[in-house]
Amino acid sequence: MNIQLDKHGRLKHFLSIEGLRRELLVDILDSAERFAPVGERAVKNVPLLRGKTVVNLFFEPSTRTRSTFELAAKRLSADIMNLNIEASATSKGESLSDTLRTLEAMNCDMFVVRHQNSGAAEFIANQVASHISVINAGDGRHAHPTQAMLDMLTIRRAKQNFEGLVVAIVGDVKHSRVARSEIQALNTLGVAEVRVVGPKTLIPSQVEALGTKVFHQIERGIAGADVVIMLRLQNERMQSALLPSAHEYFQAYGLTERRLKLAASDAIVMHPGPINRGVEIDSAIADGPQSVILQQVSNGIAVRMAVMAMAIGTQAIAGAN
Ligand code: CP
């Protein structure tokens with residue numbers, strides 16, 4: 001049984017894309033489409049989660065994920081608390097389990113968790129009281145499911161559907177929870193081909209078994225691609241130097257105007273952020289007409305509203321007032 005689903009097959013926790021059926025992913029995308037206009041109104045909220053309490057529990061740094069979860073909760077009229085981990089009792093040695101018990105005693109309804117350890121979000125979902133939902137905001141190298149879904153929304157908005165698409169994921173696939181979740185989502189949603197592109201030291205072994213084709217030359221890997229997703233070098237997760245230097249990495253794998261011309265003429269360029277200009281992507285591309293990087297950020301709010309509403313058991317009716 002998938003711990004993420006309740007006995008009726010509805011989303012209870014959102015921990016990983018793995019094991020979720022296509023219809024559920026499409027429900028999240030459709031629900032996000034209904035929520036997106038809320039952010040464009042004069043009054044940017046709906047009362048769906050009024051009276052609910054959400055806690056942002058970020059044990060790792062974040063700009064995009066943390067702030068868009070906070071905005072998403074506010075646009076759903078939930079109360080949100082950002083626990084400052086560095087200033088919390090965790091820094092005095094309190095265990096994760098005791099922190100969870102303490103927050104539970106405050107009658108919270110949802111934990112949004114980012115943690116440096118793979119499996120941390122599932123560990124927490126197994127510990128908490130049955131009325132609490134847990135959303136994984138990125139755990140170690142394992143999964144970042146809401147990032148994958150905001151990326152799917154961005155692709156669907158640009159390309160209308162997934163069938164026939166060739167998607168190239170370029171860079172540090174080995175340490176990337178985003179890449180793992182994207183590969184699962186793209187294959188579940190039925191794209192034609194998922195390519196992973198990078199040096200041997202940054203491509204995980206057995207990645208073909210996840211439904212990908214491996215390329216070690218960027219020119220071949222992005223040729224004809226409809227979507228090019230660039231990844232950040234995750235230096236903080238590398239045990240030792242896996243690359244000669246950032247400069248040489250850019251020479252071999254950086255996305256430049258010359259290289260992008262090899263992709264489909266209407267290809268979109270994505271990056272989950274934070275971007276390192278001149279390391280994995282040229283500024284002219286990051287800020288150029290084919291870049292949808294800032295649209296990814298905006299779409300993150302709508303996707304996170306959808307996931308929060310679905311997990312707390314409120315069906316998304318963005319028109320509600
Ligand atoms: N994409 C992403 O997870 O960015 P943050 O680390 O800023 O949340």
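Across the range 53-163, the convex hull enclosing all Cα atoms gives 124 Å³ per residue. Which of Lys200, Lys92, Lys12 moves the most in a Gaussian network model of the chain with Cα springs under 10 Å? Top of the fluctuation ranking is Lys92.
Tell me whether the range 185-266 comes out rounded, prolate or oblate; compute the Cα gyration tensor, take square roots of the eigenvalues as a ≥ b ≥ c, and use a/c under 1.5 as the rounded threshold. Walk me through the intermediate numbers first.
Working: a/c = 2.17, a/b = 1.20, b/c = 1.81.
Verdict is oblate for the range 185-266.
Among His216, His115, His8, a tally of other beta-carbon atoms within 10 Å of each Cβ gives an order, fewest to most, of His8, His216, His115.
The residues neighbouring Gln234, those whose beta-carbon lies less than 13 Å from its own, together hold a net charge of +2 under the Lys/Arg +1, Asp/Glu -1 convention. Between Val178, Gly288, Leu153, the Cα set farthest toward the positive side of the dipole of the range 145-297 (charges on each charged residue's Cβ, about the Cα centre) is that of Val178.
Report the extension gain between Arg237 and Ala284 in nm, rounded to one decimal, defined as 0.36 nm multiplied by the number of residues separating them, less their alpha carbon distance.
On the way: separation 47, 0.36 × 47 = 16.92 nm, distance 2.80 nm.
This chain segment gains 14.1 nm when fully extended.
With helices as the sole contributors, the chain gives -10000 deg cm²/dmol at 222 nm; each DSSP H run of n ≥ 4 counts as -39500 (n - 2.57), and the sum is divided by every residue. Largest GNM mean-square fluctuation across Glu70, Glu280, Glu163, computed for the chain with C-alpha springs under 10 Å, falls on Glu163.
Tell me the net charge near Ala32. Cut-off is 13 Å between Cβ atoms, Ala32 excluded, with +1 for each Lys or Arg and -1 for each Asp or Glu.
Working: positive: Arg34, Arg75, Arg156, Arg157, Arg304; negative: Asp27, Asp30, Glu33, Asp151.
Charge balance in the 13 Å sphere: +1.
Just for the range 151-275, what percent of DSSP beta bridges are antiparallel, to the closest 5? Let's see the in-between values first.
Details: 0 of 15 bridges.
If we restrict to bridges inside the range 151-275, about 0 percent are antiparallel.
Normalised by the number of residues in the range 145-297, the mean separation of alpha-carbon contacts (under 8 Å, six or more apart) gives a relative contact order of 24 percent. Geometric descriptor of the chain, per residue, is 135 Å³ (volume of the convex hull of the Cα atoms). For the residue pairs Lys12/Lys74; Lys7/Lys213; Lys200/Lys261; Lys7/Lys174, the alpha carbons lie more than 27 Å apart in Lys7/Lys213; Lys7/Lys174. In this structure, the amide hydrogen of Ser133, modeled 1.01 Å from its nitrogen in the peptide plane, lies closer than 5 angstrom to those of Met110, Phe111, counting only residues at least 5 positions away or on a different chain.
Given H placed 1.01 Å from N in the peptide plane, which residues other than close sequence neighbours of Phe58 have an amide H under 5 Å from its amide H? Under 5 Å from the amide H of Phe58 lie the amide H atoms of Leu83, Ile85, Arg114, each far enough along the sequence or on another chain.
Does the range 116-222 classify as rounded, prolate or oblate by the C-alpha gyration tensor (a ≥ b ≥ c root eigenvalues; a/c under 1.5 gives rounded; else a/b over b/c gives prolate, otherwise oblate)? Because a/c hits 1.5 or more and a/b fails to exceed b/c, the range 116-222 counts as oblate.
Return one number: the angle in degrees, 0 to 90 and rounded to the nearest 10, between the long axis of the Cα atoms of helix 64-75 and the longest principal axis of the Cα atoms of the chain. It is inclined by approximately 40 degrees.
Taking the DSSP beta bridges in the chain as the whole, what percent of them are antiparallel, to the nearest 5?
Values: 2 of 36 bridges.
Antiparallel: roughly 5 percent of the beta bridges in the chain.
In terms of its C-alpha gyration tensor, the range 20-71 has an oblate overall shape, because the principal axis ratio a/c (a ≥ b ≥ c, square roots of the eigenvalues) is not below 1.5 and a/b does not outweigh b/c. For the chain, the relative contact order works out to 22 percent when only alpha carbon pairs closer than 8 Å and six or more residues apart are counted. A simple charge model with +1 on the Cβ of Lys and Arg, -1 on the Cβ of Asp and Glu and nothing else charged puts the dipole of the chain at about 260 debye relative to its Cα centre.
If you take the alpha carbon atoms of the range 145-297 and fit the smallest convex hull around them, that volume is 98 Å³ per residue.
Readers should treat all values here as calculations from the given coordinates under stated rules, not as data from a laboratory. As the structure is a computational prediction, the values presented were derived from the model and not from experiment. All Cβ positions, even for glycine, are placed from backbone atoms using ideal geometry, and neighbour counts span all protein chains on display.
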